[in-house]
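*Asks:* What follows is a single structure, and I will ask about it in a moment.
No value in this document is a laboratory result; all are computed from the given coordinates. Predicted model, so just to flag it, every value in this text is computed and none were measured. Positions of Cβ are backbone-derived with ideal geometry, glycine not excepted, and every protein chain shown enters the neighbour counts.
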Amino acid sequence: MSLSPTLSSRFAMKYIDEYRDETTALRYVEAIRRTVTRPWTLMEICGGQTHTILKFGLDRMLPADVTLVHGPGCPVCVTPVELLDKAIAMASRPEAIFCSFGDMLRVPGSHQDLLMTKAGGGDVRMVYSPLDALKLAQQNSDREVVFFAVGFETTAPANAMAVWQAWQMGLRNFSILSAHVLVPPAIEAILSAPGNEVQGFLAPGHVCTVMGYWEYEPIAERYQVPIVVTGFEPLDILQGLYMTLKALEEGRPDVENQYSRSVQREGNAQAQQLIRQVFEVTDRAWRGIGVIPQSGLRLQEEYADFDAERRFDVAEMAVEESPECIAGLILQGRKKPLECPAFGIRCTPEHPLGAPMVSSEGACAAYYRYGQRTTDW
Amino acid sequence: MCLGIPGKIISIEDNPLGVPMGKVSFGGIIKEACLAFTPEAQVGDYVIVHVGFALSRLDEEEAQQTLEALAELEELAEEQGEPLTYTLQ
């Protein structure tokens, strides 16, 4: 069972409910309205924040001068199709048990997705945690258990811990297919692209819970943009927007921390230590965007035995993408889902052309799900 | 994918490798979470849990500050004679 944000609508949840108060939200909107004197374009990096914005209609509550564009913070969406095709090839092997977060299962590869691979006889399992995959490896010593390690810095400590525990236990039948990506290089890629219009960022609160926010300080200074570390509930996002807009109006390219109940400047030292022990930084291709230097994580040489790409001899394949899908532009905030001619017609969650339509953090999925309905207060 | 849910630690016990694991309650639903990255967290504390791992112990004082920041804004607005009342335009 996965824990979804809707849980809190059924149970009282401390640290969630109090950040969903509509009256307070409306007062924040008023404070924003009084602060803004000219047009500004802001980007929220994280797809989870995109969903909160659409779910609660925050974009429609803001003054017309404030434009929100949606960022690349959907790890499933940016996982390159080459890697997904490799995952599908591994999952099709009779000796393999292929484990993945549920989000990845319906993302289209060149010819099929992982769910179709499962329907065709592949042993594909949806797991909640990499530790579930580790347990499967312990219980099935005659099978090769592969975990699809997709994620940003938030997920890296969990995946590092799974590899470290496998190494400690001498588990020979566990490996990961790493598609790990990093946020700061992506922000730099967006800011340095010709024609960039983003003037301020909401930085992702859970990435910064792990990594801290000192990495963002040189970026804010170099590009003269405010960056505010922000949480995921409606009041968090409204306060993050207020802080970013106030910094812009006052001409302060500062890094500030709205999500201070979880984030410290230096981040989580224990988590960072294990990430560094198990992973190293590498160049990484982002689906729809291209290679961003030093933007990914791969296993350190010492842990190379746990690298699924080394364990399975999967040849490079020619990849195919839908020619109509504009996911790359969506993920860079250059287009919004409603500007795509295929949106809702030839591309739906049932028949997706690209990953942002099926991932729970995809911008297209958010517009499809919340676009036609009243908000969720 | 970066979804993190706040939950309350109910109990803590080491696994066979000596890694601390906890039972964490999310509004009454209990799940196991690895506490290796939050060694300071005690039973009764709230932690942010992501894919079965606690990533931070939530700071009650800081949490209150987010909620109180608006109150300060409102006091300022009232002093200036323009209370922050939202009206649909």
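*Asks:* Quick check on the exposure proxy: order A:167, A:40 from fewest to most C-beta atoms within 10 angstrom.
*Replies:* Listed from fewest to most nearby Cβ atoms, that is A:167, A:40.
*Asks:* Can you tell me what share of the DSSP beta bridges in chain A is antiparallel? A percent to the nearest 5 is fine.
*Replies:* 20
*Asks:* Calculate for chain B the 222 nm mean residue ellipticity that helices alone would give, adding -39,500 (n - 2.57) per DSSP H run of length 4 or more and normalising by residue count, nearest 500 deg cm²/dmol.
*Replies:* So the calculated ellipticity at 222 nm is -7500 deg cm²/dmol.
*Asks:* A further question on this structure: Could you name the lysines whose alpha carbon sits less than 19 Å from that of residue A:86, not counting residues in the same chain fewer than 8 places away?
*Replies:* A:118
*Asks:* With 10 angstrom as the radius, rank A:357, A:104 by how many other C-beta atoms surround their C-beta, starting from the fewest.
*Replies:* Exposure proxy ranking, most exposed first: A:104, A:357.
*Asks:* Going by a 4.7 Å Cβ-Cβ cut-off, which cysteines of the protein assembly as shown have no partner at all?
*Replies:* A:46, A:99, A:208, A:325, A:340, A:347, A:364, B:2, B:34
*Asks:* Another question, if that's okay. Describe numerically, in nm with one decimal, the distance between label points set 7 Å from Cα along Cα→Cβ at residue A:168 and at residue A:111.
*Replies:* 4.2
*Asks:* Something else about it: Would you please give the FRET efficiency between residue A:319 and residue B:75, computed as 1/(1 + (r/R0)^6) with r the Cβ-Cβ distance and R0 = 45 Å, to the nearest 0.05?
*Replies:* That gives a FRET efficiency of 0.20.
*Asks:* Further, regarding this structure: Run the helix sum for chain A: -39,500 (n - 2.57) per DSSP H stretch of 4+ residues, divided by residue count, reported at 222 nm to the nearest 500 deg cm²/dmol.
*Replies:* -10500 deg cm²/dmol
*Asks:* Then there is this: Using only Cα atoms, what Kirkwood radius does the stretch A:61-198 have, in angstroms?
*Replies:* It works out to 16.5 Å.
*Asks:* Per-residue HN-Hα couplings for the stretch A:321-332, Karplus 6.51 cos²θ - 1.76 cosθ + 1.60 at θ = phi - 60°, whole Hz, x for Gly and Pro?
*Replies:* Each residue of the stretch A:321-332 in turn: 10, 4, x, 8, 6, 10, 3, x, 5, 4, 5, 9 Hz.
*Asks:* Could you give the dipole magnitude of chain A about its Cα centre, charging the beta-carbon of Lys and Arg +1 and that of Asp and Glu -1, in debye to the nearest 20?
*Replies:* 760
*Asks:* Right, next: May I ask which of A:246/A:336; A:55/B:31; A:135/A:336 have a Cα-Cα span longer than 30 Å here?
*Replies:* A:135/A:336
*Asks:* If you don't mind, there's one more thing I want to ask. Percent of Cα-Cα pairs more than 40 Å apart in the protein assembly as shown, please.
*Replies:* The calculated P(r) of the protein assembly as shown puts 17 percent of pairs beyond 40 Å.
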